[in-house]
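Okay, structure first, notes after.
The values are calculated or read from the model by the stated rules, or taken from the named source; none is laboratory data. This is a predicted model, so every value here is computed, not measured. Cβ atoms come from the backbone with ideal geometry, glycine included; neighbour counts cover every protein chain shown. Remember, those area values only see protein heavy atoms, side chains included, never the ligands or the DNA or RNA. Shrake-Rupley method; radii C 1.70, N 1.55, O 1.52, S 1.80 Å.
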Amino acid sequence: MKLLVDSGSTKADWIAIDDNGKVIFTTQSLGLNPEVLSKEEIISRLEDKFDISHNKAKASHLYFYGAGCGTDRMKNFLSSVFEDYFVNAKVTVHEDTYAAVYATTPKNEKAIVCILGTGSNCSYFDGKVLHQKVQSLGYIAMDDCSGNRFGRHLIRGYYFNKMPQDMAKDFETTFNVDADFIKNKLYKEPNPNAYLATFAKFLIKHKDSEFCKKYIKEELEAFIENYIMQFENYREVPVHFVGSIAFYLKEELSQALQDYQINVGNILRRPIDGLIAYHILNK
């Protein structure tokens with residue numbers, strides 16, 4: 001039995017498959033970011049899920065793609081934890097970007113691979129190695145076309161009285177728009193980027209309005225010009241996307257890419273959806 005895991009800081013998606021790719025079980029645990037969790041906390045989160053704990057001795061392979069796994073130190077730490085817990089499994093740990101790459105390029109083709117979710121990212125995959133041109137400075141300075149960027153636009157649009165009246169009323173009934181509440185979320189509580197991203201569903205709901213169309217167009221163009229076009233061969237290879245923003249704005253994204261004469265590749269909501277095909281082809 002092979003375990004495939006795509007983990008962020010908040011949650012982790014798990015799929016167990018047999019050698020033929022048949023799904024044995026799927027589950028979701030709390031996130032397993034080694035940068036912020038101890039060995040004991042990681043084990044506790046594994047033990048908390050029956051499907052994982054009940055089948056830990058049956059796993060022959062564990063392929064883990066996770067946030068916080070970008071350094072050898074964190075990879076080695078997490079590998080050690082998993083090897084102690086999944087005693088019969090061969091453990092492989094990658095940073096989460098590789099989940100997007102393998103999910104969208106199961107035949108190891110050359111491609112540009114982008115993430116548009118809570119945050120945003122873009123890499124070039126040469127068939128073996130991942131290359132990046134832009135080092136992220138986080139959600140305040142970067143993350144073009146991400147959920148948190150759209151949340152920022154919506155809050156500003158509401159507070160600057162630029163949001164259409166009917167939409168503003170819907171905004172007020174959907175979210176707590178009290179200024180003190182918002183400021184506490186942004187400046188006092190952890191993960192303000194994730195809080196901002198919760199507003200993205202409202203933008204998607206109203207994506208056909210002129211108010212939202214403006215932000216969608218501006219952010220898509222910024223992402224294409226600031227991220228994708230950093231790679232000289234951006235018109236020569238397919239450009240794949242993973243993430244809820246890319247998935248729910250698929251039509252707008254595809255049109256924007258076509259306007260720039262860019263080849264539209266796969267657009268997936270979650271990396272885990274494409275990892276099964278990759279691991280069947282590369283078993």
Cα shape, segment 78-145, gyration tensor, a/c 1.5 rule: oblate
Spatial separation of Cα centroids for segment 20-57 and segment 145-199, in angstrom: 33
Pairwise Cα inverse-distance average, inverted: Kirkwood Rh of segment 31-98 (Å): 12.0
DSSP-assigned coil residues among chymotrypsin sites (Phe, Trp or Tyr not before Pro) in segment 155-193, each with at most 15 further Cβ atoms within 10 Å: Phe160
Mean Cβ count within 10 Å, highest first, over the residues of peptides 129-138, 67-76: 67-76, 129-138
Using alpha carbons only: equivalent-ellipsoid semi-axes of segment 52-204, gyration tensor based, whole Å: 38, 20, 14
Extreme residue, positive dipole direction of the chain, given options Phe150, Gly66, Asn176 (C-beta unit charges): Gly66
Nearest-20 debye value, segment 212-283 charge dipole, Cβ charges on Lys, Arg, Asp, Glu: 360
Computed FRET value (nearest 0.05) for Lys183 with Ser38, which takes r as the C-beta separation and R₀ as 25 Å: 0.20
Prolate/oblate/rounded call for segment 2-123, Cα gyration tensor, a/c under 1.5 rounded: oblate
Set of segment 229-260 residues, backbone N closer than 20 Å to the point 7 Å along the Cα-Cβ line of Lys133: 229-242, 254, 256-260
Beta bridge orientation in the chain: antiparallel %, DSSP, nearest 5: 50
For the chain, accessible area per residue (1.4 Å probe, heavy atoms of protein chains only), Å²: 50
Stretchable slack from Glu172 to Asp19, in nm (0.36 nm times residue separation minus alpha-carbon distance): 50.0 nm
Entries of Lys205/Lys250; Lys185/Lys207; Lys2/Lys250 with Cα pairs more than 23 Å apart: Lys185/Lys207; Lys2/Lys250
In Å, descending, principal axis extents of the Cα set of segment 139-283: 51, 34, 26
Computed helical MRE - 222 nm, the chain, DSSP H runs ≥ 4 contributing -39500 (n - 2.57), nearest 500: -12500 deg cm²/dmol
Cα-centre dipole for the chain with unit charges at Cβ (Lys and Arg positive, Asp and Glu negative), debye to 20: 200
Dipole magnitude (debye, nearest 20) for segment 56-191, charges at Cβ of Lys, Arg, Asp, Glu: 240
Three-way shape label, the chain, alpha-carbon gyration tensor, a/c 1.5: oblate
Lys/Arg +1, Asp/Glu -1 at C-beta; the chain dipole; positive extreme among Pro34, Phe223, Leu275: Leu275
Förster radius 35 Å - calculated FRET efficiency between Asn76 and Glu221, Cβ distance, rounded to 0.05: 0.30
Low-density loop cleavage sites - GluC sites (Glu not before Pro) in segment 73-110, where at most 14 other Cβ are within 10 Å (DSSP): Glu109
Qualifying GluC sites (Glu not before Pro) in segment 166-237, DSSP loop, other Cβ atoms within 10 Å at most 16: Glu232, Glu236
